[in-house]
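Below is one structure; the comments refer to it alone.
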Amino acid sequence: MRISEIHIYQKDLPVVDGPYTMSTMTLDSLDATIIKMVSDTGLVGWGEVVPLGPLYQPQHAGGARAAIAEMTPALIGRDCLTPLLLRRRMDELLNGHLYAKAGIEIAQMDLMAKHYGVKVCDLLGGAAVDRVPAYYATGIGSPDDIARLSKDKVEQGYKRIQIKAGGRDVSIDIAVVRKVWEAVGKQAQIVVDPNRGMTVADAKLLSLSCSDVPFLLEQPCRTMEEVMSVRSQIVHPIALDESLESLNDVLRAISMDACDAFGLKISRMGGLNAMATIRDICAARSIPHTCEDSWGGDILAAAIVHIASTVEPRLLEAAWTAGNYIEEHYDPENGIAVQDGYFKLPDGPGLGISPDEERIGQLVASYN
Ligand code: 0XW
Ligand code: MG
């Protein structure tokens, strides 16, 4: 079975009840690229890539579409059933740009699973569960607002609340953490995520000022070395997120004993097969991790749930999708949504979703 066509759509994803605020950026809308891959047997596979604006990582929406345009002509006619060879071919065509390659790989995995009549998770080793825990990420806010929001989300069934921090006087973040702890206590795991927006000194102060509050501190500072410096001096466990831009960064973090957990984004790792490799490395070292992506609609959300379902449950921290912040589902019948704090593994072959082509934006490029 061969790739006969690839079509690229662009869709703006305005943030519902936005903006989405983090220590280093405020986002009102995201720019999504949707990939439709068609086989010579008439099957269709879907992929998606949605950088979190141009500042979050060395990625941006125009770059994704330019990278796809650079590679795609040479992918037409290639076998749809050999993801490793497709990945190697993409690496021969373009250096880096894992996020764009991930979008194409997800489409190819959807297509391949449909060809064999199985789910994408079956191609990744098989689902250990039929639903995965979700986490809720707040924005930057006041102690009262974030505590109220956290309490609401716990009442909706979330078992993990990620509090955004950083980019302001650390005393406010300390007040937020204490207020959330008062509001939810041990009903949920608390994660404090400054998204690299803290200095080492502020991160230490946060931890020392809240030493009685059990939370995971996620990527407090910009570099792996700064995070390691903080980790060696605080009581709270630490996760790396944005510092992990490839499998090599994951191996480097493990070899340097840089953290206690990982935040893993499919697009940053280069796709579902790369995520499966990292999943297995983490299992060998009992390293807990999330499965998530920077943003995305139902296509990326389904990909997240599929890979998350294959992770050993003891090591899956939780999954995250942008669903809470997106106006409409690409697939109105099978859209991915949190129910009682969990994502249910989609039914049906492939990713298990069928995007309505009226809902996926405008066609911007076609290759055949
Ligand atoms: C919470 N997220 C998955 C959503 C945004 O992409 C940032 C990210 C994080 O964990 O920092
Ligand atoms: Mg994070």
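The values are calculated or read from the model by the stated rules, or taken from the named source; none is laboratory data. Values in this document were obtained by computation on a predicted structure and should not be read as measured data. Positions of Cβ are backbone-derived with ideal geometry, glycine not excepted, and every protein chain shown enters the neighbour counts. These accessible areas exclude ligands, DNA and RNA; they are computed on the full protein's heavy atoms, side chains included. Shrake-Rupley method; radii C 1.70, N 1.55, O 1.52, S 1.80 Å.
Take the solvent-accessible surface of the protein heavy atoms, probe 1.4 Å, and return the percent of it on the chain that carbon and sulfur atoms account for.
Within the chain, the accessible surface is 49 percent carbon and sulfur.
With every protein chain present, what is the per residue accessible area of the range 220-286 (1.4 Å probe, Å²)?
36
At 0.36 nm per residue, minus the direct Cα-Cα distance, what do A66 and S229 gain on full extension? Give it in nm, one decimal, please.
That pair, A66 and S229, stretches by 54.9 nm at full extension.
Return the sequence-ordered ³J(HN,Hα) values of the range 245-261 in whole Hz as given by the Karplus equation 6.51 cos²θ - 1.76 cosθ + 1.60 applied to θ = phi - 60°, using x for Gly and Pro.
9, 5, 4, 4, 5, 5, 5, 5, 4, 5, 5, 8, 6, 7, 7, 10, 7
Can you tell me how much longer the chain between E328 and Q362 gets when fully stretched, taken as 0.36 nm per residue apart minus their C-alpha distance, in nm with one decimal?
10.7 nm
Calculated from DSSP H runs of 4 or more alone, at -39500 (n - 2.57) each and per residue, what is the 222 nm mean residue ellipticity of the chain, nearest 500?
Estimated from H runs of four or more residues: -10500 deg cm²/dmol.
If one computes the Cα centroid of the range 322-368 and of the range 211-227, what distance in Å separates the two points?
33
In square nanometres and to one decimal, what's the mean projected area of the convex hull around the Cα atoms of the chain?
That works out to 16.1 nm².
For the range 223-233, take each phi angle, set θ = phi - 60°, evaluate the Karplus expression 6.51 cos²θ - 1.76 cosθ + 1.60, and give the result in whole Hz per residue in order, putting x for glycine and proline.
10, 4, 5, 5, 5, 5, 5, 5, 4, 6, 10
Beyond a 25 Å Cα-Cα separation, which of these cross-linked pairs lie in this structure: K114/K159; K119/K153; K164/K186; K119/K159?
Too far apart for the 25 Å limit: K114/K159; K119/K153; K119/K159.
If R₀ is 51 angstrom, what is the calculated FRET efficiency for the pair D280 and S142, using the beta carbon separation as r and rounding to 0.05? Provide the component values of the computation, followed by the final result.
Working: r = 42 Å, r/R0 = 0.82.
Here the calculated transfer efficiency is 0.75.
Could you tell me the distance between the Cα centroids of the range 9-71 and the range 140-198, to the nearest Å?
Here the answer is 28 Å between Cα centres.
Explain nothing, just compute: Karplus ³J(HN,Hα) = 6.51 cos²θ - 1.76 cosθ + 1.60, θ = phi - 60°, for every residue of the range 107-122 in order, whole Hz, x for Gly and Pro.
My calculation for the range 107-122 gives 4, 5, 5, 4, 5, 5, 5, 5, 4, 8, x, 10, 8, 4, 4, 5 Hz in order.
How much net charge surrounds M109 when only the other residues with a Cβ under 13 Å from the Cβ of M109 are counted, with Lys and Arg +1 and Asp and Glu -1?
Net of charged neighbours comes to 0.
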